[in-house]
1. If I filter segment 152-165 for residues that are under 22 Å from Tyr241 (Cα atoms) and part of a loop (DSSP other than H, G, I, E, B), do I get at least one hit?
2. From the list Ala287, Ala272, Ala301, Ala322, which residue is under 19 Å from Glu200 (Cα atoms), aliphatic (A, V, I, L, M) and not assigned by TED's automatic domain parsing to the domain that holds Asn55?
3. With the structure loaded, tell me whether Ile90 is in contact with a strand residue (DSSP E or B) (Cβ under 8 Å, 6 or more places away or on another chain), farther than 16 Å from Cys262 by Cβ and of a type in the set (A, V, I, L, M) or whether it fails that test.
4. (1) of a type outside the set (Val, Ile, Thr); (2) more than 30 Å from Glu357 (Cα to Cα); (3) more than 17 Å from the chain's Cα centre (by Cα): which one isn't true of Pro141, the others all being true?
5. Being part of a helix (DSSP H, G or I), closer than 25 Å to Glu123 by Cα and in contact with a strand residue (DSSP E or B) (Cβ under 7 Å, 6 or more places away or on another chain) narrows it down to one residue among Val361, Val349, Val330; which is it?
6. Kindly list the number of the only condition in (1) surrounded by fewer than 23 Cβ atoms within 10 Å (Cβ to Cβ); (2) in contact with a Gly (Cβ under 9 Å, 6 or more places away or on another chain) that fails for Cys380.
7. Restricting attention to segment 183-209, and to residues there that are buried (at least 22 other Cβ atoms within 10 Å of the Cβ) and aliphatic (A, V, I, L, M), which single residue is farthest from Gly38 (Cα to Cα)?
8. Check segment 179-189 and report whether any residue there is assigned to a helix (DSSP H, G or I), modelled with pLDDT of 95 or more, more than 28 Å from Leu138 (Cα to Cα) and under 19 Å from the mean Cα position of the chain (by Cα).
Amino acid sequence: MLTSKLPHVGTTIFTRMSQLAAETGALNLSQGFPDFDGPQALRDAVGRHIAAGHNQYAAMTGLPALREQVAAKIARCYGRSVSADTEVTITPGATQAIFCAIQALIHPGDEVIVFDPSYDSYEPSVELAGGRCVHVPLALPDFAIDWQRLQDALSPCTRLIILNSPHNPSGALIARAELDRLAALIRERDIYLISDEVYEHLVFDGVAHASVLAHEELYQRAFVVSSFGKTYHVTGWKTGYVVAPPALTAELRKVHQYVSFCGVTPLQWALAEFMSEHPEHVEELPAFYQSKRDLFCDLLANSRFRFRRTSGTYFQLVDYSAIRPDLDDVAMAEWLTREHGVAAIPVSVFYRQPPAELRLVRFCFAKREDTLRQAAEKLCAV
């Protein structure tokens with residue numbers, strides 16, 4: 001009889017809520033994907049490269065031209081010179097990059113610190129490697145690192161800390177001073193980092209993203225993960241990358257080559273071409289998504305939901321305690337979908353042990369203006 005290696009894992013909340021939205025005809029502001037296409041020039045490039053015969057395996061490490069564009073972007077955005085050959089690896093999505101980094105690092109008995117609420121792929125990847133997640137709750141209401149709790153969670157078994165900034169689901173940011181504090185905390189310990197920075201270019205209100213790539217000390221022990229899908233509005237392309245020092249990259253690639261070997265070739269060619277010809281895209285991205293955030297929040301201003309505008313990502317949390325405090329957030333998300341035609345994600349699913357008083361749901365505003373207006377109209381009627 002089969003014994004599950006992941007006995008506590010079922011269908012993800014993202015799949016469940018998207019299915020419920022489809023079944024009920026609700027507007028889907030749950031799962032994090034745009035309802036609009038990526039740039040026309042990028043999409044046109046895919047067809048050209050397919051027609052040009054770029055349809056066989058790419059290099060295991062990723063198309064050289066794309067790795068070079070990633071290295072150029074990092075130099076431009078973060079002032080770090082990385083080797084496209086020995087520090088940049090293209091992967092079929094950021095989730096796969098995180099999985100491979102965890103498998104490369106974690107041995108049975110190792111402990112991995114994750115900050116709750118945390119993205120749902122982290123813990124299963126750790127468990128499959130034989131490790132154990134130690135959950136450190138972020139401090140509410142700002143979703144900030146609780147430094148005393150973090151220090152208390154460190155043990156001789158701590159092997160890895162997973163950071164996520166901009167943070168999903170809250171949109172909170174980790175500041176440069178906090179990275180300095182983390183560096184001091186782990187300086188004398190054999191602890192590595194995975195820095196999940198897939199929303200690196202979705203930071204608002206003139207704030208600069210504090211990347212681990214720009215932190216000399218922390219980068220030496222880090223895997224920094226990002227996503228072309230998030231940056232170029234093509235989440236279905238499932239293409240991402242991970243940047244790490246040469247020794248760490250070598251270990252990651254040992255795993256990556258046996259998980260997928262390489263990413264999809266014509267997509268890599270198209271991305272390399274578009275990045276070369278349109279470097280302004282990433283510079284314009286914060287304003288593009290901030291305008292959507294501001295529209296959505298302005299439209300919700302007269303609703304009974306309470307919120308503070310998100311600092312990053314394309315997610316907005318709202319507090320519904322003034323509307324249905326009797327419902328936990330899973331029930332609330334289902335109620336909003338079935339009764340009011342707008343699908344959301346409950347925040348409690350990102351926790352090992354959610355606070356009992358938590359009354360937050362997450363909306364995705366990576367949507368067309370008419371979608372946001374329709375959704376806000378329905379939510380203001382709740």
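The values are calculated or read from the model by the stated rules, or taken from the named source; none is laboratory data. All of these numbers come straight from a predicted model, not from anything done at the bench. Methodologically, a virtual Cβ is constructed for each residue, glycine included, from the backbone with ideal geometry; neighbour enumeration extends over all protein chains shown.
1. Yes, some residue in segment 152-165 is under 22 Å from Tyr241 (Cα atoms) and part of a loop (DSSP other than H, G, I, E, B).
2. Numbers: Ala272 fails: not assigned by TED's automatic domain parsing to the domain that holds Asn55; Ala301 fails: under 19 Å from Glu200 (Cα atoms); Ala322 fails: under 19 Å from Glu200 (Cα atoms).
Of the residues listed, the single one that is under 19 Å from Glu200 (Cα atoms), aliphatic (A, V, I, L, M) and not assigned by TED's automatic domain parsing to the domain that holds Asn55 is Ala287.
3. Details: in contact with a strand residue (DSSP E or B) (Cβ under 8 Å, 6 or more places away or on another chain): yes; farther than 16 Å from Cys262 by Cβ: no; of a type in the set (A, V, I, L, M): yes.
The answer is no for Ile90.
4. (2)
5. Details: Val361 fails: part of a helix (DSSP H, G or I); Val349 fails: in contact with a strand residue (DSSP E or B) (Cβ under 7 Å, 6 or more places away or on another chain).
So the residue among Val361, Val349, Val330 that is part of a helix (DSSP H, G or I), closer than 25 Å to Glu123 by Cα and in contact with a strand residue (DSSP E or B) (Cβ under 7 Å, 6 or more places away or on another chain) is Val330.
6. Among (1) surrounded by fewer than 23 Cβ atoms within 10 Å (Cβ to Cβ); (2) in contact with a Gly (Cβ under 9 Å, 6 or more places away or on another chain), Cys380 violates only (2).
7. Leu193
8. Filtering segment 179-189 for residues assigned to a helix (DSSP H, G or I) gives 179-186.
Next, only the ones that are modelled with pLDDT of 95 or more stay: 179-186.
Cutting the leftovers down to more than 28 Å from Leu138 (Cα to Cα) gives us none.
Checked segment 179-189: no residue is assigned to a helix (DSSP H, G or I), modelled with pLDDT of 95 or more, more than 28 Å from Leu138 (Cα to Cα) and under 19 Å from the mean Cα position of the chain (by Cα).
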